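One structure is given below, encoded as structure tokens.
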Amino acid sequence: MSVIAPSTSRSRRRGRSNGTAGLLLAGPFALLLLGTVLVPVGYAIYLSLFTDRLSGLGFGGPQRVFVALGNYGEALADPAFQASISVVAVYALLQIPIMLGLALLLALLLDSAVVRLRQIWMLAVFLPYAVPGVIAGLIWAYLYSPGVGPMADLLWFDPLGADGIMASVVNISTWQWVGYNMIIFYTALQAVPRDVLEAARVDGAGAIRQALAIKVPLIRPTAFVALVFTTIGSLQLFTEPRVLQTFTGAIINSWTPSLYVYDLAFLSGDYGLAAAASVLLALASALLSALVMRMSNRRSR
């Protein structure tokens, strides 16, 4: 007859209690993830497989018809959806380098001994992030409006015209998000070992050399994370063009993929096609995020 040692029994009970405590602590997060992410995504995928069609002569009203991947093919073949993808691609190529580059430059300046009143400067740059996106869009829309704001008279192009609307949207996004990313970069710079910087200073490296050769390489993982979030945000561009749309005719209902989905779902009532376009947008965001993270891991190795 085997006898279980008291210490072994206590270890097992302790392991079971730790497992129960872990499940209880993870429960609220799991429920939140299920209710706000998994269920909506699953329902969007379900809607994307159906479409509403009139039966017979149309007297019976629309009926939901299973079309499998038909909505996905229709969305990909739609010239409006293709044009919206090209718009966010141009926006990302312009906004991401400008915004992240400016945020990194400001963080490096704040981390150096050059800037005085550091806390005041940090608050001033970060403050636009605290402004809601709709309010920020309205502020800049009035600044861009001829006869109301000064920007139309100071600039050599019409900020609400077809040739200047992209620059206007990039400016609004950069103004609002540069402070947020600056704080991320500045926090990462605070973790750079000061003894390494002191050794570089003793070897004769100046402030610029330290920034380029030591600080920037050491915070590269943080920069890649910021790049992933910014890329996802670029694909989801909605608030700024939606607000400016009431001030200009240069932004149409399908100017960005998010506006395209909004128009299909809430203005046209084509929920199946809207769901398919949103799923395609989510897949594009996931693929780009995976690509950027793969590049980050390769650079780290």
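Quick rundown of the values:
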read-out: P146 buried (at least 19 other Cβ atoms within 10 Å of the Cβ), without any contact (Cβ under 8 Å) to a residue 40 or more places away in the chain, in contact with a helix residue (DSSP H, G or I) (Cβ under 8 Å, 6 or more places away or on another chain) and not in a helix (DSSP H, G or I); value: no
read-out: Any chance F266 is surrounded by fewer than 19 Cβ atoms within 10 Å (Cβ to Cβ), modelled with pLDDT under 90 and of a type in the set (F, W, Y); value: no
read-out: Segment 163-181, residues that are surrounded by fewer than 20 Cβ atoms within 10 Å (Cβ to Cβ) and more than 22 Å from L105 (Cβ to Cβ); value: D163, M166
read-out: Pick from segment 265-301, criterion charged (D, E, K, R) and free of Cβ contacts under 8 Å to residues at least 24 places away in the same chain, ranking: farthest from A92 (Cα to Cα); value: R301
read-out: Filter pass, L283 being in a helix (DSSP H, G or I), assigned by TED's automatic domain parsing to the domain that holds A83 and at pLDDT below 90; value: no
read-out: Which listed residue, of A223, A211, is in the same structural domain as L104 (by TED's automatic domain parsing), more than 30 Å from S285 (Cβ to Cβ) and out of contact with any strand residue (DSSP E or B) (no Cβ under 6 Å at 6 or more places or on another chain); value: A211
read-out: Test: V170 is at pLDDT 95 or above and in a helix (DSSP H, G or I); value: yes
read-out: Those residues of segment 99-157 which are within 20 Å of T246 (Cβ to Cβ) and β-branched (V, I, T), in sequence order; value: V131, V134, I135, I139, V148
read-out: Qualifying residue in segment 108-119 (condition: touching a Phe, Trp or Tyr at 6+ places or on another chain (Cβ under 8 Å) and free of Cβ contacts under 8 Å to residues at least 24 places away in the same chain); value: yes
read-out: Enumeration of residues in segment 229-264 that are in a helix (DSSP H, G or I), under 24 Å from P97 (Cα atoms) and free of Cβ contacts under 8 Å to residues at least 40 places away in the same chain; value: F229, S258
read-out: Which listed residue is in the same structural domain as G133 (by TED's automatic domain parsing) and surrounded by fewer than 18 Cβ atoms within 10 Å (Cβ to Cβ), from L189, L155, L160; value: L155
read-out: Check on F59, among the aromatic types (F, W, Y) and either within 24 Å of A277 (Cβ to Cβ) or modelled with pLDDT of 85 or more (or both); value: no
read-out: In segment 114-142, residue farthest from W177 (Cα to Cα) [restricted to those that are among the β-branched types (V, I, T) and exposed (fewer than 15 other Cβ atoms within 10 Å of the Cβ)]; value: V114
read-out: Verdict on A277 being crowded, with 20+ Cβ neighbours inside 10 Å, of a type outside the set (F, W, Y) and either within 30 Å of P159 (Cα to Cα) or assigned by TED's automatic domain parsing to the domain that holds L110 (or both); value: yes
read-out: Of residues in segment 85-113 being surrounded by fewer than 16 Cβ atoms within 10 Å (Cβ to Cβ) and among the hydroxyl-bearing types (S, T, Y), the one farthest from the chain's Cα centre (by Cα); value: S112
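The values are calculated or read from the model by the stated rules, or taken from the named source; none is laboratory data. Predicted model only: the values in this text are computed from it and were never measured. All Cβ positions, even for glycine, are placed from backbone atoms using ideal geometry, and neighbour counts span all protein chains on display.
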